[in-house]
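The values are calculated or read from the model by the stated rules, or taken from the named source; none is laboratory data. Predicted model, so just to flag it, every value in this text is computed and none were measured. Note that each Cβ is placed from the backbone with ideal geometry, even for glycine, and that neighbours are counted across all protein chains shown.
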Amino acid sequence: RYDMRSALKRQVQEKNSGFPLKDVQRYAGNVLLALRALWAIRIIHTDIKPDNLLLSLDKESVKLSDFGCAIDTQESMQAAHIRRAYASSYRPPEIILGQSFSTRADMWSAGATLFELASGHVLFPEGANNAMLLDILRTCGAFKKQFAVTGKHALKHFTPQGAFRRRTKSGSEQQLSMSQFTTPSKPVPTRLRNVLQDVLLEPFAELLAQACLVPDPAKRSSAESALRHPFLKMRRSG
């Protein structure tokens with residue numbers, strides 16, 4: 001076995017693309033089954049990314065690895081765990097805002113990881129938290145006010161009224177109304193269509209956009225629910 005970061009790098013070098021969606025379909029099922037098993041015993045992985053998925057030698061399946069940052073759900077309220085949870089490109093917005101988090105946080109990072117495996121591109125390139133939130137808003141749409149203003153760090157990035165406090169490189173601040181993000185400017189389906197052509201593309205994009213990459217964790221799917229998504233049920237030849 002070898003990690004999916006290395007495997008994806010090799011795939012991009014050789015094919016100039018991510019993995020075929022028929023392969024990502026299997027990998028998604030593997031990841032979601034692993035999350036369902038973890039959540040059944042109240043464990044949050046907190047570090048899902050390509051580096052921590054191990055690809056079988058026949059390239060038919062992946063296994064979730066590296067449980068060094070895994071925590072019990074009761075520990076997710078503790079500040080020390082909030083600070084260290086998730087590599088920045090895979091960090092859900094509730095972590096950036098300093099909220100407590102649940103098993104649903106793993107779904108976000110799983111979605112970002114699956115997008116990367118399919119497209120060959122990082123969904124949210126690493127950057128400062130404020131820039132990451134702006135990227136999330138442009139990709140996933142507006143945050144509800146109650147979600148935006150909740151959390152230890154929320155008011156660093158949002159006004160009490162829920163407007164986004166965009167920080168420019170010069171250090172100035174620009175307040176952006178959530179109405180600007182009602183329709184995402186670079187949604188997941190469009191970003192996938194720019195690099196992929198596949199009969200599985202639309203159901204895959206739907207899985208990511210409607211089940212995994214939902215900003216409010218209260219509305220994000222569980223692994224159990226996501227396993228019933230049509231993308232994972234579709235069959236295709238090749």
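Scan region 152-177 for residues that are within 12 Å of Leu134 (Cβ to Cβ), out of contact with any helix residue (DSSP H, G or I) (no Cβ under 7 Å at 6 or more places or on another chain) and outside any loop (DSSP other than H, G, I, E, B) and report the count.
Selection size over region 152-177: 2.
How about region 7-20: which of its residues are of a type in the set (S, T, N, Q) and over 15 Å from Leu114 (Cα atoms)?
Result: Gln13, Asn16.
Provide a single number: the residues in region 97-122 that are modelled with pLDDT of 95 or more and in contact with a Gly (Cβ under 8 Å, 6 or more places away or on another chain).
Number of matching residues: 7.
Hey, Ser225 hits all of (1) touching a residue at least 24 places away in the same chain (Cβ under 8 Å); (2) farther than 24 Å from Leu134 by Cβ but one; which does it fall short on?
All conditions pass for Ser225, except number (1).
So, in region 8-37, how many residues would count as being more than 25 Å from Met234 (Cα to Cα) and part of a helix (DSSP H, G or I)?
Of the residues in region 8-37, 5 are more than 25 Å from Met234 (Cα to Cα) and part of a helix (DSSP H, G or I).
Would you mind finding the one in Gln197, Gln210 that is among the polar types (S, T, N, Q) and modelled with pLDDT under 95?
Checking each option against the conditions leaves just Gln197.
Which residues, taken from region 127-162, are over 18 Å from Ile95 (Cβ atoms), touching a residue at least 12 places away in the same chain (Cβ under 8 Å) and surrounded by fewer than 18 Cβ atoms within 10 Å (Cβ to Cβ)?
Arg138, Lys145, Thr159, Gln161, Gly162, listed by residue number.
Scan Gln78, Gln13 and give me the residue that is farther than 20 Å from Leu213 by Cα and at pLDDT 95 or above.
Gln13
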